[in-house]
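The values are calculated or read from the model by the stated rules, or taken from the named source; none is laboratory data. If you're wondering where the values come from, they're calculated on a predicted model, not measured in any experiment. Because the Cβ atoms are built from the backbone with ideal geometry, glycine has one as well, and the counts that use them run over all protein chains shown.
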Amino acid sequence: ATQAKPFPAWAAPTIDKSLTTDQASSIVAERTKPQTDWLGPTSGEQAPKGVKHIIYVSADQSYVSFVNWGRGVVEAAKILGWQVDILNGRGAVTSTLQAMQQAVAVHPDAIITSADASALQGPIAQAVAAGIPVVGIHAAAFPGPDPELNLYDNITSNPAEIGETQAAYVLAESKGTAQVVHFLDNSFAIARFKAEAATTPIQNCAGCKFLGMQNIPIADQTQRIPTVISGLLANDGHHWWGTTCCDNFYPYVAAALRASNIAPTDIKLVGSDGPPSAYDLIRKGDYEVATVPEPSTLFGFQAIDAVIQAMAGKEPSHFIQPTYLVTKANADQEGGKKDEFIPSNHFACHYQNIWLGETKDCSGS
Amino acid sequence: MSKAENILTIRNLTKRFYGSLALDHVDFSLEKGEIHALIGENGAGKSTFIKILAGVYACDGGEITLDGQVVDPRTDSLSIAFVHQDPAFAEELSVGENIAFGMGYPRRRGLIDWSAVKAQAVKIYEAMEIAPLDPDRLVSTLTAPEKAILAIVRTLALAPKVLVLDEPTAALPEADSVQLFKAMRRLRSLGTSMIYVSHRLNELFGLADRVTVFRNGRHIVTEPMAGATGDGLIEHMLGRPPVKLSGADPRAETRGSAVLEVRDLTIGGRGPVSFEAQAGEILGLVGLRGGGQEAIGRAIFGALPITSGVIILNGKPLPQKRSIGDSIEFGIRLLAGDRSAESAFAGMNLVENIFVNPRIRGGSMWRWTSPAREREEARQIIDRFDVRPRREASLIDWLSGGNQQKTCLARWLNDQGDLVILEEPTSGVDIGAKLAIHKILRGYAAGGRTMLVISTDLEEVAALCDRAIIVSRGRQISELAGPELTLDQLVSHSSQGGRHAVSI
Amino acid sequence: MSSQDIVEKRGTAAPQPKQRQVLVNFAANYGLAVIFVLVLIVFGLMRPDTYLSRSNIGNLLTSQSVTALLALAVMMPLTTGRFDLSVGYHVGLAQVLMVGLQANQQLPWVVSAIIVLAVGAAVGAINGFLVTRFKIDSFIATMGVGSLLYGLSNWYTQGMQISGLQLPAGYLSVAGDIFGIPFPAIIVLLVGIILWIVLERIPAGRSLYFIGFNPRAAELSGINVGRAVNAAFISSGLLCALAGIMLGAILRSGTPSVGPEYLLPAFAASLLGATSIRPGRVNVGGTLLSILILAFSFSGVQQLGAAFYVEYLFNGGILVVAVALSVYAAARRRKSAVHSSAH
Amino acid sequence: MSSQDIVEKRGTAAPQPKQRQVLVNFAANYGLAVIFVLVLIVFGLMRPDTYLSRSNIGNLLTSQSVTALLALAVMMPLTTGRFDLSVGYHVGLAQVLMVGLQANQQLPWVVSAIIVLAVGAAVGAINGFLVTRFKIDSFIATMGVGSLLYGLSNWYTQGMQISGLQLPAGYLSVAGDIFGIPFPAIIVLLVGIILWIVLERIPAGRSLYFIGFNPRAAELSGINVGRAVNAAFISSGLLCALAGIMLGAILRSGTPSVGPEYLLPAFAASLLGATSIRPGRVNVGGTLLSILILAFSFSGVQQLGAAFYVEYLFNGGILVVAVALSVYAAARRRKSAVHSSAH
Ligand SMILES: Nc1ncnc2c1ncn2[C@@H]1O[C@H](COP(=O)(O)OP(=O)(O)OP(=O)(O)O)[C@@H](O)[C@H]1O
Ligand SMILES: Nc1ncnc2c1ncn2[C@@H]1O[C@H](COP(=O)(O)OP(=O)(O)OP(=O)(O)O)[C@@H](O)[C@H]1O
Ligand SMILES: [Mg+2]
Ligand SMILES: [Mg+2]
């Protein structure tokens, strides 16, 4: 009894208005710790028998996060002996649309997509009408089902928490005296939400100064960032913090700062997503000092779990992996050696237990 | 002369254009220090012959011997220089550079020396006793005759062993032709051998030493010019005795009222000029290069803004601001002189080249047109103007120069229009076809149409026109009509007051 | 490419049997059509139940209809030898306007559509004006205008995506279908037929080609080059607007970053199309055919589930191969053409 | 445009004083330079202590050097009238290769650079081959090759980002500076000087322009068009490789999705450049000048704190206005040239 129609949405995550320096420090301390214990489901639906066909519609197979989530889907499917095909959205709304249409046309058992669902409503509606559950990874702003967009579940970290973590790190490190710029691409709702979460505490912090949002359409980042930096340095001086929705801005930002002879001690960047370039910059102390990474393969497993729930007509799990914070100190932990965030909670083992009805001991594996 | 050894010998030269034979086992020999005329009907294969020598086309058979060496023009660089039938320039580059590109750039320390480039340009004009152009001028700003001269001087300056000229005088004013012939004789005395293609037969007498005739891609005869007669050559070319055009050809006897009246016309500081033309009259406008006769025609056609004066057609003054489209509606037609640049649509087929603008034939821009009917009409027109090969579907670029000209002419001549302005109507057209076209033109005139012929071919003007106006700096300096309208008169009149005109 | 002329004039065709020649002719004029059929057959056999399924064909036709309209949009100025690089940004603007006017200004969708079309015509007129009046190179003029349009749509949206959740059903049905035939495809077909008639059968339309081949001769033949070029750009603008209206209904939201990605595919299609149906010049039939080939072959590769980068390789390959083939065929055809009438 | 030609061909301008004419000449040749100086002065006055600061200039020069090299890369084939649309994907490939060969294959950076350059030359040769041998329209051929290259870099990286953590200091210093002058800017300057000499002072270089303006003229004067066009594409390939080497050192990691965004700016610069120094044809001086103008005016706008979309409006505006001005100046210059030589 596969169910494709989403359950009602969860309550939207709330943004905390302000943070004291102490709250900030404790948040940082908390989220830089290894994530060893498993907070996800320990019981649930077993995987249906037989080889299921899953299609992963990637937003852009040339961008590392989307590739990693796809890897997760494939690894999870391997446990079940399922077949996964990956379609490439090629980073443009329209080619994504075409890829999603292809996915629907092939009529798989389920579709997992990392592409922005709001521009895919047509084909997603078709899929759901055809009884194909569609699970998003970062396809919408908030975690959980999205009836409006017909997503059976949307796998993502809590964007409020991501913003909060960035703000907390800045407040803690600057002892509540930071001037902060936030870089984002306005076109994505999730980016705007993260931005609000990351900047509200700053705006409400007495000793801090919020210097403003810098909107950088990702497509033009190469051309825009150098001049954006030129403007910032001119108007806001050489001592500020940067936060962002998207770590992929930072190699360009760092390059521009370097070319402007700015000392890495003067301007500090806090990122999110955590691609290899972010790990590089953090390790080198190259302006970027911390990032809030997205789990790489874990999302894939969560998505497959959601698919299994859908196939049983059950509501998807409410589990959200807590956010993690990468700094120079812990850059090598939790998958850091491979420049990605893989919590050390043996999630693969736990999910395998649920899906195959096994009872392996996952603590040490 | 017969025992002078050959510098260039060609045997069994054959060229096929996908099945159609353009050259059929042609033999040809060029002696040291001779001017060898090459003539033949349009499409006889002259240009093809030359382009093979130039290495533009590869031949499909035959042997070329230069200086005793068997050579392949496509691979070897030979000391042969060419003036091609429609010379090509880099229009947006300077005159000086277009010359240097062929001759080689003067260099200083390995780098191009631009000042020397300019000096060189001036020098070679002066060497031919022609007033130099400003070397910094872009070629795109030159008039058709100026380009023709540029093509010639830049080639003559190479002082090669062998020099090949393909209809260089087709668009060349008399005075400049004279300079060209002087230069050619000078080169001959220096030992250069020349192949000279032309449809203007009587240029050849006194210039060429020998003449060769091609017909349908075959070599017909080679004989000393001394013994040759015009009729004899024409007979060789056509393969039949020439049809004598007696004076009794249809000339409109009754002169209607003035169809065209031009009053005090000045164009960009040139002029003023005033004249009339009656219905059924063929009026010639001649002058030296830069004489401004072209500008007059273009202004009447609305292609050039006029500074002052009035143009009256059929008693009604034409509006000052007038698009070319309007002029066509008013019944004016103009065949532009520069065929490749202003007339022919290279890359498009004959049907399209004839039916460019339906309004020329009294049709509408917005009416549905059936391709089938157009093709059928085109076939008839092609027959009437004797375009060869008769193949309405072939691209115009696949035709010989003269046949391209006939096609362009066919675009403008139909039962519509009161005033037909023709720049170089028969440039590059062979004698047979030329007579035929003249006949056609007279026919149209007889039908009550007025023709304005703007030609550098004074012979043509003498033969075709009822009256001729000699123009210099946009002014009329004299007029010839009836019995006075002869080649010699035209030459002498047009060279008067030409002094300053030449120095354009 | 004079080197081309030279080579083509080299070599002679041995006399060849009539039917062979007919074949060559056909291949030259309909080479793309042949390739298209082959693509359908090959992938149809490899993926029998999904590839030629109604849903797949429907989806492809729907999503490609936007590209098709834009390919026709770039084709119109191309007939006169002018480039229009603003189409990508233009369709983006049209799309956000179309969605925005309904979502933000609460206008009925038909009114919005009319406004968008009006804006489209205006943009086209501006392009034409810059090119014909100011004599600015079309490539750079339209590039500049494109950037302006991109600025406008970002100003209008403040760079944010406009949610289309309340878009009226009437508008969304623009992306729907009639008797199972996608409505966008029908629009494209109609537009195509009209343009084909104009360009092939109406002298005023054909004059665009004359301008393309020899502007000066066209002018001296009484064709109003300026007006014709303006008309070409205006029609291009209208087509972009129409494409934007469609795109909005397909995406059901207005995204300012959408658009630029259409530019190259549109040019690829209309230039690839110039090798078929009317070889040697851009034309409606060839353009639409190229769209189909590229879309269907790409879909086929995707359905085979090849590694993602294979798509790019294939995409590049098919372009080059298709053109190379038809260029070759055209050369053969020319030979046989001259040959045949030489006997 | 033909209307223009006719008038200019036959028309003559009213007499004008010599010095006025000189002025017009200067404006026509150095219009962009004038605009550039104005931009510097205006913004320099409005933001005295930051706009012309060493840090700002260093930042702009470094970040623009990649675009500059790519603009020169598209310029080379443009001189012969051919497009190279593969530069964007090509620089992307060069960049991932450059980082990858060091990070994955542990090659010393100089060796990697040599390999990347070799690949660049090969890619250029392929473009040239398709265009000259197969007679494929350069627009399509290079578009196809570009897609192939994108496929390659994605195959090489599997779509992942290559960490540049172990990149040697020697390589990173490619993006450093000497006596405060950004090294990339110095490279661009040297490349520019070499290309300038080749194109303006060496016959082989001039022949590229001849091919561009009139292939037949070039052919009839006996130069090997095919070989020249190939050379142009190969040099374009080498420039892309060089740009990729630089980009790797600037970004300090290899990202497969980088590259395409450089295409339009590169074309904009070289075409805008065609309106200055040597008006009427793409040229080195004009190209580099355009890069500077665009970069420095954005930076100025940005320092005045304009909204993000203003940059696009500004970008479009400056393209159109600058070109319109210089076209106007060029026309006047041309007139006076005709005029002066008519007496
Ligand atoms: N590129 C081509 N393709 C096909 N046929 C051609 C081509 N060039 C010439 N021909 C044909 O070859 C024949 C000879 O042409 P050619 O130009 O040599 O004649 P010509 O003697 O120069 O005539 P004209 O006196 O008019 O210049 C003609 O039938 C012409 O149609
Ligand atoms: N392609 C060309 N054709 C004709 N004249 C040219 C050409 N290029 C330059 N010249 C002229 O040659 C003279 C010297 O040219 P040159 O290229 O040396 O200019 P320049 O002294 O280097 O100044 P710039 O640095 O602006 O080029 C100038 O009068 C110039 O107009
Ligand atoms: Mg000829
Ligand atoms: Mg110089």
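A few notes on this one:
- Yes/no for residue A:57 being β-branched (Val, Ile, Thr), more than 21 Å from residue A:342 (Cα to Cα), at the interface with chain C (Cβ under 10 Å from one of its Cβ atoms) and buried (at least 24 other Cβ atoms within 10 Å of the Cβ): no
- Hits in segment C:286-321 - residues which are over 18 Å from the mean Cα position of the chain (by Cα) and among the small types (Gly, Ala, Ser): C:299, C:300, C:305, C:306, C:307, C:317
Results for (1) closer than 22 Å to residue B:167 by Cβ; (2) within 16 Å of ligand 4 (Cβ to nearest atom); (3) at pLDDT 90 or above, shown as yes or no for each residue.
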site: B:403; (1), (2), (3): yes, no, yes
site: B:407; (1), (2), (3): yes, no, yes
site: B:418; (1), (2), (3): no, no, yes
site: B:467; (1), (2), (3): no, no, yes
site: B:481; (1), (2), (3): no, no, no
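- Of the strands (runs of 3 or more DSSP E) lying entirely inside segment B:282-340, those containing at least 1 residues that are closer than 21 Å to residue B:270 by Cα and in contact with a His (Cβ under 9 Å, 6 or more places away or on another chain) span B:282-287.
- Residue selected from segment B:67-101 under the condition in contact with a helix residue (DSSP H, G or I) (Cβ under 9 Å, 6 or more places away or on another chain) and part of a strand (DSSP E or B), by the criterion nearest to ligand 2 (Cβ to nearest atom): B:94
Let's see how each residue does on (1) in a strand (DSSP E or B); (2) β-branched (Val, Ile, Thr); (3) within 16 Å of ligand 4 (Cβ to nearest atom):
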residue	(1), (2), (3)
B:14	yes, yes, no
B:37	yes, no, no
B:49	no, no, no
B:55	no, no, no
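- Residues of segment B:440-491 that are free of Cβ contacts under 8 Å to residues at least 40 places away in the same chain, in a helix (DSSP H, G or I) and in contact with a helix residue (DSSP H, G or I) (Cβ under 7 Å, 6 or more places away or on another chain): B:462, B:463, B:487.
- Filter result for residue A:309 (more than 8 Å from every other protein chain (Cβ to nearest Cβ), in contact (Cβ under 8 Å) with a residue 60 or more places away in the chain and either crowded, with 24+ Cβ neighbours inside 10 Å or within 18 Å of the chain's Cα centre (by Cα) (or both)): no
- Any hit, segment B:116-124, residues being over 25 Å from the mean Cα position of the chain (by Cα), near ligand 2 (Cβ under 10 Å from one of its atoms) and crowded, with 17+ Cβ neighbours inside 10 Å: yes
- Output for segment B:1-33, where each listed residue is closer than 16 Å to residue B:223 by Cα and either within 10 Å of ligand 1 (Cβ to nearest atom) or buried (at least 21 other Cβ atoms within 10 Å of the Cβ) (or both): B:26, B:28, B:30
- Boolean, residue B:251 is surrounded by fewer than 19 Cβ atoms within 10 Å (Cβ to Cβ), outside any helix (DSSP H, G or I) and at pLDDT below 95: yes
- Restricting the search to helices (runs of 4 or more DSSP H) fully inside segment D:165-235 and requiring at least 1 residues that are within 16 Å of ligand 4 (Cβ to nearest atom), in contact (Cβ under 8 Å) with a residue 12 or more places away in the chain and within 15 Å of residue D:283 (Cβ to Cβ) gives D:183-201, D:203-213.
- Taken together, B:144, B:159, B:171, B:183 contain a single residue that is within 16 Å of ligand 1 (Cβ to nearest atom) and at pLDDT below 90, which is B:171.
- Residue list for segment A:26-56, restricted to those being of a type outside the set (S, T, N, Q) and closer than 21 Å to residue A:329 by Cβ: A:27, A:28, A:29, A:30, A:31, A:33, A:34, A:37
- The listed residue being buried (at least 24 other Cβ atoms within 10 Å of the Cβ), closer than 29 Å to residue D:44 by Cα, more than 14 Å from chain D (Cβ to nearest Cβ) and touching a residue at least 24 places away in the same chain (Cβ under 8 Å), out of A:253, A:170, A:180: A:180
- Residue C:155 being of a type in the set (A, V, I, L, M, F, W, C) and away from chain D (no Cβ under 14 Å): no
- Among the candidates B:149, B:124, the residue that is at pLDDT 90 or above and more than 8 Å from chain D (Cβ to nearest Cβ) is uniquely B:124.
- A count restricted to segment B:54-109 and to residues that are more than 12 Å from chain D (Cβ to nearest Cβ) and of a type in the set (A, V, I, L, M) stands at 5.
- Selection from segment D:178-201 of residues that are at pLDDT 95 or above and within 16 Å of ligand 2 (Cβ to nearest atom): D:189, D:192, D:193, D:194, D:195, D:196, D:197, D:198, D:199
- Consider segment D:202-219 and keep the residues that are among the hydrophobic types (A, V, I, L, M, F, W, C) and surrounded by fewer than 22 Cβ atoms within 10 Å (Cβ to Cβ). The one that is farthest from ligand 2 (Cβ to nearest atom) is D:204.
- Residues within segment D:237-274 that are under 15 Å from the mean Cα position of the chain (by Cα), within 25 Å of residue A:62 (Cα to Cα) and not aliphatic (A, V, I, L, M), tallied: 9
- Wholly within segment C:256-343, helices (runs of 4 or more DSSP H) carrying at least 1 residues that are farther than 28 Å from residue C:58 by Cβ and at pLDDT below 85: C:308-341
- Looking only at residues of segment B:102-121 that are touching a Lys or Arg at 6+ places or on another chain (Cβ under 9 Å) and modelled with pLDDT under 90, we find that the one that is farthest from ligand 1 (Cβ to nearest atom) is B:110.
- Within segment B:407-434, the set of residues being assigned to a helix (DSSP H, G or I) and closer than 19 Å to residue B:214 by Cβ comprises B:431, B:432, B:433, B:434.
- Residue A:283 passes every criterion in (1) under 19 Å from residue A:324 (Cβ atoms); (2) in contact (Cβ under 8 Å) with a residue 60 or more places away in the chain apart from (2).
- Residues in segment B:381-406 that are touching a Lys or Arg at 6+ places or on another chain (Cβ under 8 Å), in a helix (DSSP H, G or I) and more than 13 Å from ligand 3 (Cβ to nearest atom): B:382, B:383.
- Look at segment B:361-380: where a residue is in the same structural domain as residue B:393 (by TED's automatic domain parsing) and without any contact (Cβ under 8 Å) to a residue 60 or more places away in the chain and a partner is among the β-branched types (Val, Ile, Thr) and not in a helix (DSSP H, G or I), sitting 6+ places away or on another chain with Cβ atoms under 7 Å, you get B:366/C:202; B:368/C:202.
- Hey, residue D:146 more than 8 Å from chain C (Cβ to nearest Cβ) and either out of contact with any Cys (no Cβ under 9 Å at 6 or more places or on another chain) or surrounded by fewer than 23 Cβ atoms within 10 Å (Cβ to Cβ) (or both) or not: no
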